[in-house]
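One structure is given here, and the rest of the page talks about it.
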Amino acid sequence: MASGRSLRFIADTIPSWFAPTAVGPDAIEGHAVVPAGIGVGRTVADLRIKLDAGIVDVAETTPGTVFPADCPERHINSDGSFCVGYGAGEVILTRDDAIVWWGLVEEYLRLQRIAARTRRWPARKAIAHGKAGPHQIRAIEAACELGLEDEYYEMLDGEEKWFSCPFPRLNEAGDGLRNGRLPCPVGCLRKGQAVMRRSCGRTSWVVQLIREERLRRERERAFAEANRLLERACCGAMADCPRVGTTHAGSTSREAGPKISRRN
């Protein structure tokens, strides 16, 4: 958990693109100017960095000035704070941690420019909303181990893949595949012959991919339903949104960045 020292590390490592206007023990304020990484233009915003409930938060000094004040698809929380990375503000214990954190904020501001222009968050820069985030991270880990990383991101963009379907089924314990005599769903071969599920050496990764992707979808649906119940209006900034009065692609909406708890 972050502490007062975290803000001191952040103050000691302020990058060239951030011009501080006020540096205190409880908050840092300043003017950010981040050039676009690709193309022309830049992101310009006044930011406030503070410690909140043991987490370092960053937000616009006046939320809603440049970015939406509250937009899950732009990775802006209901309190105006930014989701800049999974657990990014929770453990800043050294100067190196602070430097990494500043790098995440810089990238986040670049992505905001892309999102503003395209009305979509860049495909491979996003993690699922709310409690779905950790499940997506573990699903991606398994997909990479199986050589299916590209296929996983294609699935997030709307393509149907075998691991996004109801089959294959897991056993009751959730740690193995049913119908062990059927071929491995990845298509593993041994001496030119299909490998059975029960004898495939990569079954644990297959199970992890299926289990975590299904949990991701379940948690995403819960996030969307919670937003509907809260009746928070969509700001209209993005093409897809889990909020009231919008069309939401529940299996493809994503959260950048990754935090869990209230900040995701």
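The values are calculated or read from the model by the stated rules, or taken from the named source; none is laboratory data. Everything numeric in this text was worked out from a predicted model, so none of it was measured. Please note: Cβ atoms are built from the backbone with ideal geometry, for glycine as well, and neighbour counts cover all protein chains shown. We work out accessible area using only protein heavy atoms, side chains counted, and drop any ligands, DNA or RNA first. Shrake-Rupley method; radii C 1.70, N 1.55, O 1.52, S 1.80 Å.
Please find, within segment 28-52, the residue that is modelled with the highest pLDDT out of those that are basic (Lys, Arg) and closer than 21 Å to GLY80 by Cβ.
ARG48
Does PRO15 fit the bill of being in a loop (DSSP other than H, G, I, E, B), more than 25 Å from ALA224 (Cβ to Cβ) and of a type outside the set (A, V, I, L, M)?
For PRO15, the condition - in a loop (DSSP other than H, G, I, E, B), more than 25 Å from ALA224 (Cβ to Cβ) and of a type outside the set (A, V, I, L, M) - is met.
Of the numbered conditions (1) within 30 Å of PHE9 (Cβ to Cβ); (2) assigned to a loop (DSSP other than H, G, I, E, B); (3) open to solvent by 60 Å² or more (accessible area, probe 1.4 Å); (4) in contact with a strand residue (DSSP E or B) (Cβ under 8 Å, 6 or more places away or on another chain), ARG110 satisfies every one except a single condition; which is it?
It fails just one condition, (2).
Select, from ARG169, ARG119, the only residue that is at pLDDT below 95, farther than 16 Å from ILE210 by Cα, open to solvent by 80 Å² or more (accessible area, probe 1.4 Å) and not hydroxyl-bearing (Ser, Thr, Tyr).
Every option except ARG119 fails the conditions.
From the residues in segment 175-197 that are in contact with a helix residue (DSSP H, G or I) (Cβ under 8 Å, 6 or more places away or on another chain) and assigned to a strand (DSSP E or B), which one is surrounded by the fewest Cβ atoms within 10 Å (Cβ to Cβ)?
Once the filter is applied, the top-ranked residue is PRO183.
Out of curiosity, is VAL58 surrounded by 13 or more Cβ atoms within 10 Å (Cβ to Cβ) and either assigned to a loop (DSSP other than H, G, I, E, B) or under 22 Å from the mean Cα position of the chain (by Cα) (or both)?
yes
Being out of contact with any helix residue (DSSP H, G or I) (no Cβ under 7 Å at 6 or more places or on another chain) and acidic (Asp, Glu) is the filter here; which residues of segment 10-32 pass it?
ASP26, GLU29
Of the residues VAL105, VAL84, VAL100, which is at pLDDT 90 or above, out of contact with any Lys or Arg (no Cβ under 8 Å at 6 or more places or on another chain), in a loop (DSSP other than H, G, I, E, B) and of a type outside the set (Phe, Trp, Tyr)?
So the residue among VAL105, VAL84, VAL100 that is at pLDDT 90 or above, out of contact with any Lys or Arg (no Cβ under 8 Å at 6 or more places or on another chain), in a loop (DSSP other than H, G, I, E, B) and of a type outside the set (Phe, Trp, Tyr) is VAL84.
Of all the residues that make up segment 1-20, how many are without any contact (Cβ under 8 Å) to a residue 24 or more places away in the chain, over 14 Å from THR94 (Cα atoms) and either touching a Cys at 6+ places or on another chain (Cβ under 8 Å) or surrounded by 13 or more Cβ atoms within 10 Å (Cβ to Cβ) (or both)?
Summing the residues that are without any contact (Cβ under 8 Å) to a residue 24 or more places away in the chain, over 14 Å from THR94 (Cα atoms) and either touching a Cys at 6+ places or on another chain (Cβ under 8 Å) or surrounded by 13 or more Cβ atoms within 10 Å (Cβ to Cβ) (or both) in segment 1-20 gives 1.
Looking only at segment 108-121, decide whether some residue is on the phi > 0 side of the Ramachandran plot and among the aliphatic types (A, V, I, L, M).
For segment 108-121, residues on the phi > 0 side of the Ramachandran plot and among the aliphatic types (A, V, I, L, M): absent.
Can you tell me which residue within segment 128-166, out of those that are in contact with a Phe, Trp or Tyr (Cβ under 6 Å, 6 or more places away or on another chain) and outside any helix (DSSP H, G or I), is surrounded by the fewest Cβ atoms within 10 Å (Cβ to Cβ)?
The extreme case among them is LEU146.
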